[in-house]
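What follows is a short report on a single structure.
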Amino acid sequence: MIKDRLRSIWKLLNSPSRHFSLMFLTLGGFIAGIVFWGGFNTTLEATNTEAFCTSCHEMKDNVFEELKTTIHYSNRSGVRATCPDCHVPHNWTDKIARKMQASKEVWGKVFGTIDTREKFMAKRRELAEHEWARLKANDSLECRNCHNYDSMDLTRQSPRAGSIHERYLISGEKTCIDCHKGIAHKLPDMHGVPEG
């Protein structure tokens, strides 16, 4: 029964059109493609805003409140990093890959695994470690969208910071997240984690 039904659908889709010209079908397919692409990109950009990220209370009441106290949120230049600036790559292919990863993170919202402050704090270290590993794996790509080593004036940094940046960033031995964990959000309980 199901096999016959699938066969008839395939036959319908595979047979030539009796009512529409090839030009009409080609043009219709082209227009449908544009509509699909426009809708896809509109949705992609709508989910790539701070308003979207903080629409769930798990983020708004926890990490977003912490961000508000940092220089990434308020500073003398008025340039502010939003959630997607630090957590979503800017180039398209990396952005799509990150969005696919983030779809797994929606699980915590849908199934309530982090829906209270207590549950969030209990999973905070695990969540942070996943993000740190992601940033380490992509050589802190999101940091480098704004902080370019080639544009750094090491003479205007403290001697210690300039020396460390020069040593580790040129060699590629370390990346931003190795030293700058907790720069925009509070560190989770790091008890039992070796220094290094």
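Just a few scattered comments:
- Look at the stretch 86-108: where a residue is within 18 Å of Ala128 (Cα to Cα) and a partner is among the basic types (Lys, Arg), sitting 6+ places away or on another chain with Cβ atoms under 6 Å, you get Val88/Lys95; Val88/Arg98; Pro89/Lys95; Pro89/Arg98.
- Looking across the stretch 123-178 at every residue that is surrounded by 11 or more Cβ atoms within 10 Å (Cβ to Cβ) and hydroxyl-bearing (Ser, Thr, Tyr), the one that is nearest to Asp94 (Cα to Cα) is identified as Ser140.
- Residue that is modelled with the lowest pLDDT, among those in the stretch 77-118 that are over 13 Å from Leu141 (Cβ atoms) and among the acidic types (Asp, Glu): Glu105
- Of the set (1) surrounded by 12 or more Cβ atoms within 10 Å (Cβ to Cβ); (2) within 22 Å of Phe40 (Cβ to Cβ), all apply to Lys119 but (2).
- Applying a threshold of 8 Å to beta carbon distances and a minimum spacing of six or more residues, or different chains, the list of pairs starting in the stretch 136-165 at a residue that is under 25 Å from Thr82 (Cβ atoms) and of a type in the set (Phe, Trp, Tyr) and ending at one that is part of a helix (DSSP H, G or I) and at pLDDT below 90 reads Tyr149/His165; Tyr149/Leu169; Tyr149/Ile170.
- Odd one out for Ile183, checked against (1) surrounded by 14 or more Cβ atoms within 10 Å (Cβ to Cβ); (2) part of a helix (DSSP H, G or I): (2)
- Qualifying residue in the stretch 65-79 (condition: surrounded by 14 or more Cβ atoms within 10 Å (Cβ to Cβ) and closer than 22 Å to Ala122 by Cα): yes
- Some residue of the stretch 117-133 being outside any helix (DSSP H, G or I) and in contact (Cβ under 8 Å) with a residue 12 or more places away in the chain: no
The values are calculated or read from the model by the stated rules, or taken from the named source; none is laboratory data. Keep in mind the model is a prediction, meaning the values are calculated, not measured. Virtual Cβ from ideal backbone geometry, glycine too; neighbours counted across all protein chains shown.
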